[in-house]
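Structure, as structure tokens:
The values are calculated or read from the model by the stated rules, or taken from the named source; none is laboratory data. No experiment lies behind these values; they were computed from the predicted model shown. Here the Cβ positions follow ideal geometry from the backbone for every residue, glycine too, while neighbour counts run over all protein chains shown.
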Amino acid sequence: MPLRPAVFLDRDGTLHRELERAPRALAELEFVPGLDGALRELASAGYVLVVVTNQSAVASGEVSVAELDALNLALRERFPIAACYVCPHHPERGAPPYVRTCACRKPSSGMLALACAELGLDPTRSWIVGDARRDLEAGLALGTRAILVRTGKGERERASLPAELAARVTVVEDVVAAARAVLAQGK
Ligand SMILES: [Mg+2]
Ligand SMILES: [Zn+2]
């Protein structure tokens with residue numbers, strides 16, 4: 001089977017507004033207006049949608065793996081998201097077994113690489129969409145194209161991107177505009 005194109009999506013600050021504390025239920029999340037339609041258009045165009053999210057709230061004990069799994073399952077039922085990959089680690093803060101240096105925490109590309117292997121995705125025909133520099137770096141290192149959204153931390157992050165990185169990144173208003181940019185540019 002030929003490898004498929006994907007859109008890798010950061011969660012907090014990209015799909016929904018960032019909260020003070022880690023959310024446990026879908027009802028707590030304020031999604032970007034138009035998100036559902038935008039994701040459905042991407043899925044219909046043949047993109048596999050994959051959430052890749054750092055959740056060090058697991059390491060700090062703020063949220064359990066079970067709670068996080070339940071939330072991600074609800075997310076996949078509500079939107080055409082094929083899979084959610086989570087990094088529960090933090091290099092310094094929290095409790096074992098989650099306090100450690102890992103290969104999955106963005107800006108490392110571990111979650112995206114695993115998704116490519118498990119789901120048969122071609123990173124070079126794919127995109128990363130996120131509100132943080134580390135999202136963009138995780139994708140670019142693997143050969144995806146990169147879109148920074150201005151929601152969440154995005155506006156602040158944009159101002160501090162090194163020129164070399166900024167030159168490789170498309171900046172848009174939000175995830176809905178990111179979907180339009182992906183569809184306009186093609187695979
Ligand atoms: Mg984020
Ligand atoms: Zn990790």
## Note on the structure
All-but-one check, THR53 against (1) at pLDDT 95 or above; (2) out of contact with any Lys or Arg (no Cβ under 7 Å at 6 or more places or on another chain); (3) not aromatic (Phe, Trp, Tyr), failing number (2)
### Message
Is it the case, given these coordinates, that CYS84 is within 16 Å of ligand 2 (Cβ to nearest atom), assigned to a strand (DSSP E or B) and within 18 Å of THR14 (Cβ to Cβ)?
### Response
yes
#### Entry: Residue satisfying all of: in the range 36-73; touching a residue at least 60 places away in the same chain (Cβ under 8 Å) and either part of a loop (DSSP other than H, G, I, E, B) or farther than 24 Å from LEU136 by Cα (or both); nearest to ligand 2 (Cβ to nearest atom) among these
TYR47
### Task
Select, from ARG78, ARG145, ARG133, the only residue that is surrounded by fewer than 19 Cβ atoms within 10 Å (Cβ to Cβ), among the basic types (Lys, Arg) and out of contact with any Gly (no Cβ under 7 Å at 6 or more places or on another chain).
ARG78
### Message
For a quick check of your reading of the model, give me the residue pairs whose first member lies in the range 153-180 and is touching a residue at least 12 places away in the same chain (Cβ under 8 Å), whose second is within 15 Å of ligand 1 (Cβ to nearest atom) and among the small types (Gly, Ala, Ser), with beta-carbon atoms closer than 6 Å and at least 6 apart or on different chains.
### Response
LYS153/GLY13; LYS153/ALA132; GLU157/ALA132; VAL169/ALA146; VAL172/ALA178
### Message
If ARG11 satisfies all but one of (1) basic (Lys, Arg); (2) within 16 Å of ligand 1 (Cβ to nearest atom); (3) over 18 Å from CYS102 (Cβ atoms), what's the number of the condition it fails?
### Response
(3)
### Message
Considering only the range 107-115, I want to know if a residue exists there that is away from ligand 2 (no atom under 16 Å from the Cβ) and assigned to a helix (DSSP H, G or I).
### Response
no
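Restricting attention to the range 94-106, does a residue exist that is surrounded by 21 or more Cβ atoms within 10 Å (Cβ to Cβ) and either within 15 Å of ligand 1 (Cβ to nearest atom) or of a type in the set (Gly, Ala, Ser) (or both)?
Yes - at least one qualifying residue is present in the range 94-106.
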